Amino acid sequence: MVIIDRRFIDPNPFDAEQGDPIALVPAHLTHLPARTTGQLSRRIPAPEAACSGTVRWHTWGLDAAMDAWRADRADSDRLLWRSANFGRAAEVARLNGVLRVRAEPSLLRSWAVHVATMNDHAYEGMAYTELEGPRWELCRSDGEVQTFHDYRRRVSVATVSRREVLSSENVPGEAAELQPLIWDHSATVRDRRFSL
């Protein structure tokens, strides 16, 4: 299992809410039950905690898999789906403050290729890919990975907007009420910061 903790996860580029830690769980080896996920979440350091080092993730074989995927797409006039040998169903779920991504290795590898190649067809500076199983066996809940060419700017604007909204009077406590205020205020912050 691989855990990406809060120190390596930015606030989201929409309302600057801190992202959840991510657990990548190989379904053929283990599972991550709710009780363990809760215990794990409490032990993960806060984003402000100092990092004691860097782990470099080596993805041997990813370049070759990306080349093969691109070649298959170039040779076909239709979208190709990944191998049907995925075994158990995949799951992308937020559980006790952790985003749990659980699937068989073949599906995890397939998702890696789709994430790594999604910018091949970016539209207006944005690209996305869905994390789902084969069409006949969808994930129990789907996930999505998005990229933005102006990601850092979006995070910066959302962070300022969130800080300013939270410093005002009568701030709602519920996320469903707070988020639209931050989204609306982001336009003001964007105009103020980038029209200079």
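Assorted remarks:
- Selection within the range 17-29 - free of Cβ contacts under 8 Å to residues at least 40 places away in the same chain and in a strand (DSSP E or B): Q18
- Per-region count, the range 127-155, residues modelled with pLDDT under 85 and assigned to a loop (DSSP other than H, G, I, E, B): 11
Okay, residues lined up against (1) in a loop (DSSP other than H, G, I, E, B); (2) under 21 Å from Q146 (Cα atoms); (3) open to solvent by 50 Å² or more (accessible area, probe 1.4 Å); (4) modelled with pLDDT under 75:
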{"position": "H31", "(1), (2), (3), (4)": "yes, no, yes, no"}
{"position": "W57", "(1), (2), (3), (4)": "yes, yes, yes, yes"}
{"position": "M66", "(1), (2), (3), (4)": "no, yes, no, no"}
{"position": "L80", "(1), (2), (3), (4)": "yes, yes, no, yes"}
{"position": "N85", "(1), (2), (3), (4)": "yes, no, yes, yes"}
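- Residue match in the range 162-177 (condition: more than 30 Å from G61 (Cα to Cα), modelled with pLDDT of 90 or more, surrounded by 13 or more Cβ atoms within 10 Å (Cβ to Cβ) and of a type in the set (A, V, I, L, M)): yes
- Residue satisfying all of: in the range 107-124; small (G, A, S) and within 18 Å of E91 (Cα to Cα); surrounded by the most Cβ atoms within 10 Å (Cβ to Cβ) among these: S110
- Cβ-Cβ under 8 Å pairs, at least 6 apart or on other chains, the range 146-160 side closer than 20 Å to P180 by Cα, far side part of a helix (DSSP H, G or I) and of a type outside the set (A, V, I, L, M): R153/F194; S156/R193; V157/S186; V157/R190; V157/R193; A158/S186; V160/R193
The values are calculated or read from the model by the stated rules, or taken from the named source; none is laboratory data. Just so we're clear, the structure is a prediction, and the values are computed from it rather than from any experiment. Positions of Cβ are generated from backbone atoms using ideal geometry, with glycine treated the same way; all protein chains shown enter the neighbour counts. What goes into the accessible areas is simple: the full protein's heavy atoms, side chains included, and nothing from ligands, DNA or RNA. Shrake-Rupley method; radii C 1.70, N 1.55, O 1.52, S 1.80 Å.
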